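The values are calculated or read from the model by the stated rules, or taken from the named source; none is laboratory data. Just so it is clear, the model here is predicted, and its values are computed rather than measured. No Cβ is skipped: glycine too gets one built from the backbone with ideal geometry, and neighbour counts run over all protein chains shown. Each accessible area value is taken on the protein alone, full model and side chains, heavy atoms only, with ligands, DNA and RNA left out. Shrake-Rupley method; radii C 1.70, N 1.55, O 1.52, S 1.80 Å.
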Amino acid sequence: MTYNILTDTDFFRDLESGNTASIKMDYGKFIEQTVIQCKKAISKVDMNIMLAYTETELMGYTEEKGETGAYASKASHFLKEMKNMAEELAKAGAMPSQIEWTGTTTDLVELIYALKETGCVNNGEMLIGKMCEAMFPLFGKKPIKDCARLYVGIKEREDDISRTYFIDKMRRKLNTKIKEDIKKSLSR
């Protein structure tokens, strides 16, 4: 992530030059860009570094008189509020995610149960409810209270060959992709 992305804006150029003719419009664009970059941030740490860097760069302008100082102060206050909001969202498990789960909730629960049973997460020692609480937000989903209810549905599936429909589908798709890639590399 480029931490100085918010300082490379028309708003900062206005602050630097003392240009107040377009500062109101450029401030609005700066706010929009801040929100966009916070949503794009891969992690809360990256977002906080970006906001802290930008806020530090604003400090020199907040002491100025007139519109320049006023807009710099407003921007600084907004950055602080964004950091606070991110903290609250993180505590509530609602941080925006770069990953959006587009499968069914049952498929996600099946995957979480499989990860637990293979011991790939915390050596399999984490309670399934806690895993769901932690992993749902990772995929941009609000945690559900009763993963076990969905697991019961998975257990009750028809048992022709397998009850793990989603994991079986993943295995088939990945094996197909691997075979196609091997075929491509051999034909070069």
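For the full complex of protein chains and a 1.4 angstrom probe, list T104, T9 by accessible area with the highest value first. Can you show the working numbers first?
Details: T104 75, T9 20 Å².
So, going from the largest accessible area down, we get T104, T9.
With the simple spin-label model, which puts each label point 7 Å out from Cα in the Cβ direction, the D46 to K145 separation comes to 3.5 nm. Not counting the cut sites, what is the longest span of the chain without GluC sites (Glu not before Pro) that DSSP labels loop and that have at most 13 other Cβ atoms within 10 Å? With a cap of 13 other Cβ atoms within 10 Å, the longest stretch comes to 1-62.
Looking at the chain, the accessible area is 66 square angstrom per residue; that uses a 1.4 Å probe and ignores ligands, DNA and RNA. Shape analysis of the range 60-188 places it in the oblate category; the axes a ≥ b ≥ c from the Cα gyration tensor give an a/c of at least 1.5, with a/b not above b/c.
Within straight-line reach of K141, meaning a Cα separation under 14 Å, sit the following aspartates and glutamates at least 8 residues removed in sequence or on another chain: E100, D107, E133.
Between R13 and E133, take the C-beta separation as r, use R0 = 30 Å, and let me know the FRET efficiency to the nearest 0.05.
Numbers: r = 44 Å, r/R0 = 1.48.
Calculated transfer efficiency: 0.10.
Run the numbers on the chain and let me know its relative contact order in percent, using alpha-carbon pairs under 8 Å that are six or more apart. Don't skip to the answer; put the middle values down first.
Numbers: 162 pairs, mean separation 29.7, N = 188.
RCO, the chain: 16 percent.
In a DSSP loop and with at most 15 other Cβ atoms within 10 Å, the trypsin sites (Lys or Arg not before Pro) in the range 106-187 are K145, R157, R163. Taking the longest Cα principal axis of the chain as reference, the axis of helix 66-91 is set at about 20 degrees. Going by accessible surface with a 1.4 Å probe and the largest first, D8, D46, D146 read D8, D146, D46. Here the spin labels are modelled as points 7 Å beyond Cα on the Cα-Cβ line, and at A21 and V152 they lie 7.0 nm apart.
Could you work out the relative contact order of the range 93-187, using alpha carbon pairs under 8 angstrom and six or more residues apart, expressed as a whole percent? Computed value for the range 93-187: 30 percent relative contact order. Think of it as helices only: each DSSP H run of n ≥ 4 in the chain is worth -39500 (n - 2.57), and spread over all residues that comes to -22500 deg cm²/dmol at 222 nm.
Return the FRET efficiency for the residue pair E117, N175: r is the Cβ-Cβ distance, R0 is 25 Å, and the value is rounded to the nearest 0.05.
Efficiency for this residue pair is about 0.75.
Straight-line cross-link partners of K65 among the lysines, defined as a Cα under 25 Å from its Cα and at least 8 positions apart when in the same chain: K24, K29, K74, K80. Within the accessible area of the chain, the carbon and sulfur atoms contribute 55%, probe 1.4 Å, all protein chains present. Listed cross-link partners K39/K116; K83/K116; K40/K142; K145/K173; K40/K169 are compared with a 23 Å cut-off, the Cα-Cα value being larger for K39/K116; K83/K116; K145/K173; K40/K169.
About the Cα centre of the chain, what is the dipole size in debye to 20, counting +1 per Lys and Arg Cβ and -1 per Asp and Glu Cβ, all else neutral?
Numbers: 29 positive and 29 negative charges, 196 e Å.
Approximately 940 debye in magnitude.
Compute the long axis of helix 165-186 from its Cα atoms, compare it with the longest principal axis of the Cα atoms of the chain, and write down the angle in degrees, 0 to 90, nearest 10. Its long axis makes an angle of about 80 degrees.
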